[in-house]
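Below: the structure, in structure tokens.
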Amino acid sequence: MPSLLIRNIGTLVQVEQTPRPYVAGAAMQELPVLENAYLLAENGRIIAFGPMAECPERADEVTQANGRMVFPSWCDSHTHLVFAASREAEFVGRIKGLSYEEIARQGGGILNSARRLRETPEEELLQAAYERLQEIQRYGTGAVEIKSGYGLTVDSELKMLRVIQKLKTLTDMPAKATFLGAHALPPEYRDNREGYIRLIIDEMLPRIAEEGLADYIDAFCEKGFFSVDETARLIEAGARYGLKAKVHTNQFNCLGGIQACVAGGAISVDHLEVVNDEEVQCLLGSNTMPTLLPSAPFFIGGHYQPARRLIDAGLPVALATDYNPGTTPSGRMQFVLSLACIKCRMLPEEAINAATLNGARAMEQEATHGSIAVGKAASFFITRPMPSIAYLPYAFGADLVERAYINGKPVAAKR
Ligand code: NIG
Ligand code: FE
């Protein structure tokens, strides 16, 4: 693949001489940058960067950044971007006063998406998901995690995971697949919880492992969904097949899900709208990445994640979109950063660290993604003109990504 040189970068953001696995606590405020810089890529990898004074003379392809900023691609470690249909009727229901949980109890919510997904052919799901994937690439995402969890039968969960497997072959960015059979109890098992858990453990997991369809296992640990004990069993069952856990927990209630995930060696605990002191302490002694999804409470109402408490206690946090039809019909990381700053009181530098390096860590991609470092993937974006780094979360709703690159190749332009 030809070499690519980006010249005259005004600010090259998140540069690392010695790559770090993640950043935590006070260090999250530090965002290393290089002013007036170049970036050189070859074969899809970064091979050099530095001050313009040391810029190489030539490359196969040369792009002028004209003083614009360059950021490493966003690492969106939590999405459900394979789904059959949007759910704006529930959106209107909430405007009229129904809560997310009430809608779920009435058979809407996740079960609504599951009904639609079961009827939708694999090819149609793939086409729609591929468009969403291309859309997020244009918005600067360069690594992603995608969950199943709208199938809730053996065949439909496998169908979703096969769609994700195909998506992996259609994109140059790393895409991680997470098996979320325990997203909601399907109606056929309403009076037989244990039967559904056994279906996941005895039938779904072995098939998924045999076909190599998942990288991680997830569960929705919440009142009305799956208990802490059930979540712990699922984490353990996943581990028997080499699947580490990334778990939805603490969205509405503190039930002990975080403790179960830490005990099970989970890669991440995601949502965390509510977190108590004991849980903060538990996370402090762990390798589990707290992953905040502020567009969920933005969209369905509720508490924003207590990012300050987590970071001030010394923890790392990651930010992700949660792109899904129920709680976040949007895959725009830049808007998530705005919410993190405006509603969770994260500083712009903290939000950028959370959406790059720590997001990469939350899906084990930190060795190749999340920063501008020699040897890492040449996945980055050039911004529109911006007066400062803080302008990026400040200008909420704006699209400040001018040109995105994945592995040194430009992402197709916006339509
Ligand atoms: O992360 N809370 C659980 N799962 C998704 C929403 C699923 C849905 O409503 O379709 C989430 O918010
Ligand atoms: Fe989610």
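The values are calculated or read from the model by the stated rules, or taken from the named source; none is laboratory data. Keep in mind that this is a model prediction, so the values were computed, not measured. Every residue, glycine as well, gets a Cβ built from its backbone with ideal geometry; the counts of neighbours run over all protein chains shown. Heavy atoms of the whole protein, side chains included, go into the accessibility calculation; ligands, DNA and RNA do not. Shrake-Rupley method; radii C 1.70, N 1.55, O 1.52, S 1.80 Å.
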With a cut-off of at most 16 other beta carbons within 10 Å, and DSSP calling the residue loop, which GluC sites (Glu not before Pro) in segment 25-78 qualify? Please list them.
-> GLU30, GLU57
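May I ask what percent, to the nearest 5, of DSSP beta bridges between residues of the chain are antiparallel?
45
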Length added when fully stretched, ALA27-GLU57, from 0.36 nm per residue minus Cα-Cα | 7.2 nm
Give me the distance in nm between label points sitting 7 Å out from Cα along the Cα-to-Cβ direction at GLN134 and ARG207, one decimal.
-> 3.1
Would you mind computing, in nm to one decimal, how far apart the modelled labels at SER388 and GLU236 are, each placed 7 Å from Cα along Cα→Cβ?
-> 5.2
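Using a simple charge model, +1 on the beta-carbon of Lys and Arg, -1 on the beta-carbon of Asp and Glu, nothing else, what dipole does the chain show about its Cα centre, in debye to the nearest 20? Numbers along the way, then the final one.
On the way: 41 positive and 49 negative charges, 147 e Å.
Approximately 700 debye in magnitude.
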Using the Cα centre as the reference, give the magnitude of the dipole from point charges on the C-beta atoms of segment 288-382 (Lys, Arg: +1; Asp, Glu: -1; all else neutral), rounded to the nearest 20 debye.
-> 160
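Place the peptides 11-18, 268-275, 329-336 in order of packing, highest mean first, counting for every residue the other Cβ atoms within 10 Å and averaging per peptide.
268-275, 329-336, 11-18
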Label points 7 Å out from Cα along the Cβ direction at GLU102 and ASP312: separation in nm?
-> 3.4
Work out the count of Lys pairs in the chain where the Cα-Cα distance is under 22 Å, with the pair 8 or more places apart or on different chains.
-> 27
Subtracting the Cα-Cα distance of ALA263 and GLN281 from 0.36 nm times their residue separation yields 5.2 nm
Amide H partners (placed H, <5 Å) of LEU81, local residues excluded | LYS147
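When Rg is the radius of gyration of the Cα atoms in segment 319-396 and Rh is its Kirkwood radius, what does Rg/Rh come to?
Rounded to two decimals, Rg over Rh is 0.98.
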Given H placed on each backbone N at 1.01 Å, which residues far from GLU402 in sequence or on other chains put an amide H within less than 5 Å of it?
-> ILE382, THR383, ARG384
Under the Karplus relation 6.51 cos²θ - 1.76 cosθ + 1.60, θ = phi - 60°, what is the ordered set of whole-Hz ³J(HN,Hα) values for segment 396-410, x standing for Gly and Pro?
-> 4, x, 6, 10, 9, 8, 8, 9, 9, 10, 10, 6, x, 10, x
Positive dipole terminus of segment 75-361, leading residue within HIS271, THR327, HIS248 (C-beta point charges) = THR327
For the chain, set up a Gaussian network in which alpha carbons nearer than 10 Å are linked by springs, and say which option among THR288, THR178, THR120 fluctuates the most.
-> THR120
Distance between segment 51-118 and segment 169-247 - C-alpha centres, whole angstrom | 22
Shape call for segment 1-129, from the Cα gyration tensor axes a ≥ b ≥ c (a/c under 1.5 means rounded, otherwise prolate when a/b beats b/c, else oblate), comes out prolate
Please work out the ratio of the alpha-carbon Rg of segment 231-270 to 2.2 N^0.38 Å and round it to two decimals.
-> 1.07
For segment 75-361, calculate the relative contact order in percent as a whole number, restricting contacts to Cα pairs under 8 Å that are 6 or more residues apart.
-> 18
Residue-by-residue Karplus 3J(HN,Hα) for segment 76-93, coefficients 6.51, -1.76, 1.60, Hz, glycine and proline x | 9, 8, 7, 9, 10, 7, 9, 8, 8, 7, 6, 9, 6, 5, 5, 4, 5, x
Quick note, segment 127-210: a/c under 1.5 would make it rounded; otherwise a/b > b/c is prolate and the rest oblate (a ≥ b ≥ c, C-alpha gyration tensor); here it is prolate
How large are Rg and Dmax for the chain when only the alpha carbon atoms are used, in Å?
-> 20.7, 70
Calculated diffusion of segment 164-266, Stokes-Einstein form, Kirkwood radius summed over Cα pairs, 20 °C and 1.002 mPa s, µm²/s | 152
Average accessible area per residue (Å²) across segment 20-91 - probe 1.4 Å, nucleic acids and ligands excluded | 45
